[in-house]
1. Select from region 60-80 the residues that are in contact (Cβ under 8 Å) with a residue 12 or more places away in the chain and part of a helix (DSSP H, G or I) and list them in ascending order.
2. When region 141-182 is examined, which residues are found to be among the charged types (D, E, K, R) and either under 24 Å from the mean Cα position of the chain (by Cα) or under 10 Å from S194 (Cβ atoms) (or both)?
3. If you check V285, V268, which single one turns out to be touching a strand residue (DSSP E or B) at 6+ places or on another chain (Cβ under 7 Å), surrounded by 14 or more Cβ atoms within 10 Å (Cβ to Cβ) and in contact (Cβ under 8 Å) with a residue 12 or more places away in the chain?
4. Is there a residue in region 76-84 that is in contact with a Phe, Trp or Tyr (Cβ under 8 Å, 6 or more places away or on another chain) and buried (at least 20 other Cβ atoms within 10 Å of the Cβ)?
5. State which residue is nearest to G150 (Cα to Cα) when the search covers only region 81-96 and only residues that are part of a helix (DSSP H, G or I) and more than 13 Å from the chain's Cα centre (by Cα).
6. Which ones in region 168-210 are farther than 23 Å from G137 by Cα and polar (S, T, N, Q)?
Amino acid sequence: MFQRILAMLPTRRAFLCSSVVLAAGMVAARTATPFRFALTPVFLDNDAAVLSALRAALAYGLSREVELVQRRTYQEITGALLDGSVDAAWTCGYPFLQHREALAILGAPVWRGQSLYQSYLIAAADDPATGLADLAGGLHAFSDPDSNSGFLVTASDLARSGQTPDSFFGRTMFTFGHRNVVRAVAGGLARSGSVDGYVWETLAEAEPELTARTRVVARSEWLGFPPFVARTDRLSEPGIAACRETLLSLGQNTAGREALGLLRLDGVEGAEPGLYDGIAARMAVLGRLR
């Protein structure tokens, strides 16, 4: 019996060693899995330099590979967040509020000293319009049906007077990119457009010849800046917690400062849902608060 036990020891040692190696391999595989961070062209419009810098900054803070997942619409981004296809996302206050029970804020960008921005109503530089009422009957460009600045603000303004975009404008279109809204108006494809004020101001610095062909007809009140979000039930996960810390500390390292500089942002700060009360009020006016 003793001899049989001795004969079994090497086999058991081999089994234990192989189990340890397998477990270590599984941990390493989990660690090596890319962190999936979602974006939509509605906001960044596929700017290669910005995307590269943002990926590098996130990867530096997370100490792991980061995959930037791009989708065409906010609806697709929200769906990917909810089904777990992506870990976190940079989205808009409008879809965040539509799913506020399921989503949580990781941080809000700071632009020109505050986590606020405006929606701009724009027209061609030589257009005589002085307000929304003057643009009736024309072709209007929106960015995305789930965009606050690129749809909700104008739609809720019209709702206050009993109108809808379809009844007020002669025709409407969705460009699925704020830069595309500016291009549509600047090129004469649309008479007017609803655009993110931060994007328009950033374009005025980067592509002044483009924005010079447009004019800001009206500005909304200040509203909560598009937030970084993740699923509420995943906040305790190490990767999500690390993403939040990485975003909040972007200004503290070279990679983060480079990304912020390209984005024309001051940094990212913690934020509460109350930051988006103004958007919630507009959703209520439109009758779409869910």
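What follows is calculated from the coordinates using simple rules that are stated; it is not laboratory data. None of the values given here were measured: they were computed from a predicted structure. Reconstructed Cβ throughout: ideal geometry from the backbone, glycine too, with neighbour counts over all protein chains shown.
1. Y60, G61, L62, Y74, Q75, E76, I77, T78, A80 - these are the residues of region 60-80 that are in contact (Cβ under 8 Å) with a residue 12 or more places away in the chain and part of a helix (DSSP H, G or I).
2. Selection gives D144, D146, D157, R179.
3. The unique qualifying residue is V268.
4. No, the conditions are met nowhere in region 76-84.
5. L82
6. If the condition is that a residue be farther than 23 Å from G137 by Cα and polar (S, T, N, Q), then T202 is the only one that fits.
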